[in-house]
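Visitor: Quick one: the structure is below, questions incoming.
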Amino acid sequence: MPPLHILPGATLFPNPLPRHPSKTLTPKPRPPSALLQWNRKPELSGTTPRVTVITSGKGGVGKTTTTANIGLSLARFGFSVVAIDADVGLRNLDLLLGLENRVNYTVIEVLNGDCRLDQALVRDKRWSNFELLCISKPRSKLPLGFGGKALTWLVDALKARPGGSPDFILIDCPAGIDAGFITAITPANEAVLITTPDITSLRDADRVTGLLECDGIRDIKMVVNRVRTDMIKGEDMMSVLDVQEMLGLPLLGVIPEDSEVIRSTNRGYPLVLNKPPTLAGLAFEQAAWRLVEQDSMQAVVVEEQPKRGFFSFFGG
Amino acid sequence: MASVWTLQFRSLSLRPCSFISSTSNGSIITTRNRIVIRNGISKWRSRTQQLKHDSINSISKFYHQLVNSVTIPSFLLNRSGGSNFPIWVCVALVVLVGVFRVVSRKKERPGSVADLVRRGQLKSDRRGISRPLKYEDPFNNPFVKVGKSNSTVEMCGKVYRLAPVTLTEEQQATHQRRRSRAYQWKRPTIFLREGDSVPPDVDPDTVRWIPANHPFATTATDLDEDLAQNNVYQKHGVPFRIQAEHEALQKKLEALQNDQKLNKLAIDPINAKEFERPFNSHARLNEQAEKSTEQKINKLVIDPINAKEIERPFNSHTRLNDQAQKSSVDNQVSDPDSPNIDSDLNHFESTSSEDPTL
């Protein structure tokens, strides 16, 4: 009986619909005390620091938004997080986090010896266990001779820093499979693949997954972003299960299309900090939770259930 | 009140203009212009007096009307008859409001974030000044409720139907095999500019070709790899480049100071005797002095142990110079047979005297 995606360790479908009769993913045993417990915290699994690259292949699918929201969610859960914006020419993570005025030094300055690594880390004032590190300034060039090596040195230096190693190092990968992609994936142990339910994004995602697997990164999970249940219902959009069938990757999260994303981006205030929380913000939080526990979704939201009210009889 | 006055003055300023324009229209004969103008001025004066009088009257009338129009509360009129309770209530209310405002302003300290938000300098809902959210379980909170049958979930007031994920490990492995067949890839380990030749010991599959005009990436670097790595690993102290620049600047400054001192020494009247010496010996002395000071300075700059000496005042270097010169002179005096100076001196004098051309 596979557990429900929405509640890790929660009760299950009485009779799950077996679309494929083959062996299903074995759910992790969970302590019963964690079941539906208010203010429980995710249990960190795997060795720290977890170096995770957030990539997609295609641009504009939400890599940076996901990095910002998952990063801040992890910080809210109490883990120390360093988010590295590895997008050399077109960095945006600082804008999404509202930290653009505080980025004075980047990795380029660290390499040049203009500053130390701890001076280049920008600590978020909202959650002090979240830090941002930008690779370079928008108009500077990254010397590729040791681009990948530089990131590996950075990860090693972060591991050995006096304040203690961070729990998570999230690397926001640039679009494409160019030099920036190669640089970004070099130190990563696991990957989060962001895709949208459209064929262009899926093709790029498949290709990128292939490259990651060739590089030895086997722990790849996907986040399906900008999902619209109304379009899925009208069969104008691929469902999440269709996407999964095409890519064959475990699901970390499903993020619904939400106008609040644009608003939060413009404000420099990530969705997960919104009060009251939005649908997309909650989905990001759930994805972050699964990332911590190295878990994956076991059930997905398919469509909105029609309301059954007094006027439903009349079609209302 | 002020508006009444301005109205009056506007009318005053207009009158003379109309008067002059009427004269210019030729209603009065031009030969008697002066008399006409005088009469006009006197008339204008009398009119202004009248206007002033009228305006004062009108203002006093307006004031009386205003006073009469305001209705005074009955309890104020018959004070002697009733009690003063309503007045005291009003006074108490005013005092209470005042005290409340003072107290509330004290709470918002000037310069505090709350004060800045109140004054519109900061937006309250962004840039890290809003109160952070308390941690809540994203799977179980007032906005996320799972249905009793576990086939539905209520999120943000909407009920969604759930479907189970059916991906199997076998399917995952199949996809991985497919991808491994489709995408044969080795991560590039060397980046070359387009047009460069591939080094002999490098696998061509691991070469990444970067266009020379790539906007974000460059293969050229003026930075040593080991140095860059050390810079990344540096945890404490001054960063490498800052230190190097500082040292270079300090050297430059020392050199400048040294030059200035030497110039000063040349003018110094105490050392006037030195100038009487022949040219060559003097040059040598200067060179020696410079060498000794430079050695000292280099030692000071490079050797971090002698950091205290770097902080020496400017005069200390003059002392050094003086000492160097003195020591050289002392040596010369104490050793009369020293071949350098005396012989040179002598040689110079003898040559000059013996020079047949002079």
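Visitor: Failed condition for A:V103, given (1) buried (at least 21 other Cβ atoms within 10 Å of the Cβ); (2) more than 9 Å from every other protein chain (Cβ to nearest Cβ), with all others met?
Guide: Unmet for A:V103, out of (1) buried (at least 21 other Cβ atoms within 10 Å of the Cβ); (2) more than 9 Å from every other protein chain (Cβ to nearest Cβ): (1).
Visitor: Further question on the same structure: Is it the case that A:V110 is assigned to a helix (DSSP H, G or I) and facing chain B (nearest Cβ under 7 Å)?
Guide: yes
Visitor: Which condition breaks for B:D205 when tested against (1) in contact (Cβ under 8 Å) with a residue 12 or more places away in the chain; (2) under 27 Å from B:A244 (Cβ atoms)?
Guide: In the conditions (1) in contact (Cβ under 8 Å) with a residue 12 or more places away in the chain; (2) under 27 Å from B:A244 (Cβ atoms), B:D205 misses (2) alone.
Visitor: Say whether the condition of being in a helix (DSSP H, G or I), without any contact (Cβ under 8 Å) to a residue 24 or more places away in the chain and either surrounded by 11 or more Cβ atoms within 10 Å (Cβ to Cβ) or more than 8 Å from chain A (Cβ to nearest Cβ) (or both) is met by at least one residue in segment B:159-170.
Guide: The answer is yes, given that some residue of segment B:159-170 is in a helix (DSSP H, G or I), without any contact (Cβ under 8 Å) to a residue 24 or more places away in the chain and either surrounded by 11 or more Cβ atoms within 10 Å (Cβ to Cβ) or more than 8 Å from chain A (Cβ to nearest Cβ) (or both).
Visitor: Pairs please, first residue from segment A:72-83 and facing chain B (nearest Cβ under 8 Å), second anywhere and among the polar types (S, T, N, Q), Cβ atoms under 8 Å, 6+ apart in sequence or on different chains.
Guide: A:G78/A:N129
Visitor: Something else: Among the numbered conditions (1) aliphatic (A, V, I, L, M); (2) at pLDDT 80 or above; (3) in contact with a strand residue (DSSP E or B) (Cβ under 9 Å, 6 or more places away or on another chain), tell me where B:A173 comes up short.
Guide: Among (1) aliphatic (A, V, I, L, M); (2) at pLDDT 80 or above; (3) in contact with a strand residue (DSSP E or B) (Cβ under 9 Å, 6 or more places away or on another chain), the lone unmet condition for B:A173 is (3).
Visitor: Quick check: is even one residue across segment B:273-280 more than 8 Å from every other protein chain (Cβ to nearest Cβ) and at pLDDT 60 or above?
Guide: no
Visitor: Something else about it: Just to be sure I understand the filter: pairs with C-beta atoms under 8 Å, separated by 6 or more residues or on different chains, first member in segment A:267-284 and in contact (Cβ under 8 Å) with a residue 12 or more places away in the chain, second member surrounded by 24 or more Cβ atoms within 10 Å (Cβ to Cβ) and of a type in the set (F, W, Y). Which pairs pass?
Guide: A:L271/A:F284; A:V272/A:F284
Visitor: Turning to a different aspect of this structure: Pull out all pairs, ordered by first then second residue, where Cβ-Cβ is under 6 Å, the residues are six or more apart or on different chains, the first lies in segment A:148-169 and is more than 8 Å from chain B (Cβ to nearest Cβ), and the second is surrounded by fewer than 20 Cβ atoms within 10 Å (Cβ to Cβ) and of a type in the set (G, A, S).
Guide: Listed by first residue and then by second, the contacts come to A:K159/A:S165.
Visitor: Among the residues of segment A:178-196, write down those that are surrounded by 20 or more Cβ atoms within 10 Å (Cβ to Cβ) and not polar (S, T, N, Q).
Guide: A:A179, A:G180, A:F181, A:I182, A:A184, A:I185, A:P187, A:A188, A:A191, A:V192, A:L193, A:I194
Conditions (1) in contact with a Lys or Arg (Cβ under 7 Å, 6 or more places away or on another chain); (2) under 30 Å from B:V165 (Cβ atoms), marked per residue:
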| position | (1), (2) |
| --- | --- |
| A:K149 | no, no |
| A:A160 | no, no |
| A:C173 | yes, yes |
| A:A188 | no, yes |
| A:T200 | yes, yes |
| A:L212 | no, yes |
| A:M237 | yes, yes |
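Visitor: As an exercise: evaluate A:L212 against (1) closer than 30 Å to B:L227 by Cβ; (2) buried (at least 24 other Cβ atoms within 10 Å of the Cβ); (3) within 10 Å of chain B (Cβ to nearest Cβ) and give the number of the one condition it does not meet.
Guide: Of (1) closer than 30 Å to B:L227 by Cβ; (2) buried (at least 24 other Cβ atoms within 10 Å of the Cβ); (3) within 10 Å of chain B (Cβ to nearest Cβ), only one is false for A:L212: (1).
Visitor: Which numbered condition in (1) under 30 Å from A:L90 (Cβ atoms); (2) more than 8 Å from every other protein chain (Cβ to nearest Cβ); (3) in contact with an Asp or Glu (Cβ under 9 Å, 6 or more places away or on another chain) is the only one that B:G147 fails?
Guide: So B:G147 meets the others, but not (1).
Visitor: Tally the residues that are more than 9 Å from every other protein chain (Cβ to nearest Cβ) and outside any helix (DSSP H, G or I), restricting the search to segment B:239-257.
Guide: Residues in segment B:239-257 being more than 9 Å from every other protein chain (Cβ to nearest Cβ) and outside any helix (DSSP H, G or I): 0 in total.
Visitor: When you check B:V153 against the structure, is it facing another protein chain (nearest Cβ under 7 Å), at negative phi and touching a His at 6+ places or on another chain (Cβ under 7 Å), yes or no?
Guide: Considered against the rule, which asks whether it is facing another protein chain (nearest Cβ under 7 Å), at negative phi and touching a His at 6+ places or on another chain (Cβ under 7 Å), B:V153 comes out as no.
Visitor: If you don't mind, another one. Under the condition of being of a type in the set (K, R) and under 25 Å from A:L74 (Cα atoms), which residue from segment B:134-165 is modelled with the lowest pLDDT?
Guide: Applying the filter and picking the extreme gives B:K134.
Visitor: What's the total number of residues in segment A:121-146 that are part of a helix (DSSP H, G or I), surrounded by fewer than 24 Cβ atoms within 10 Å (Cβ to Cβ) and in contact with a helix residue (DSSP H, G or I) (Cβ under 6 Å, 6 or more places away or on another chain)?
Guide: Adding up the residues that qualify gives 1.
Visitor: Separate question: Can you spot a residue in segment A:78-88 that is assigned to a helix (DSSP H, G or I) and surrounded by 21 or more Cβ atoms within 10 Å (Cβ to Cβ)?
Guide: No - not one qualifying residue is present in segment A:78-88.
Visitor: Out of all the residues in segment A:255-272, which are surrounded by fewer than 24 Cβ atoms within 10 Å (Cβ to Cβ) and not basic (K, R)?
Guide: A:P256, A:E257, A:D258, A:S259, A:E260, A:V261, A:I262, A:T265, A:N266, A:G268, A:Y269
Visitor: Does A:R116 satisfy the criteria of being crowded, with 23+ Cβ neighbours inside 10 Å, free of Cβ contacts under 8 Å to residues at least 12 places away in the same chain and closer than 21 Å to B:R241 by Cβ?
Guide: yes
Visitor: Based on this model, can you work out whether B:R179 counts as within 10 Å of chain A (Cβ to nearest Cβ), in a helix (DSSP H, G or I), at pLDDT 80 or above and surrounded by 12 or more Cβ atoms within 10 Å (Cβ to Cβ)?
Guide: yes
The values are calculated or read from the model by the stated rules, or taken from the named source; none is laboratory data. Bear in mind the structure is a predicted one, so any value in this text is a computation, not a measurement. Because the Cβ atoms are built from the backbone with ideal geometry, glycine has one as well, and the counts that use them run over all protein chains shown.
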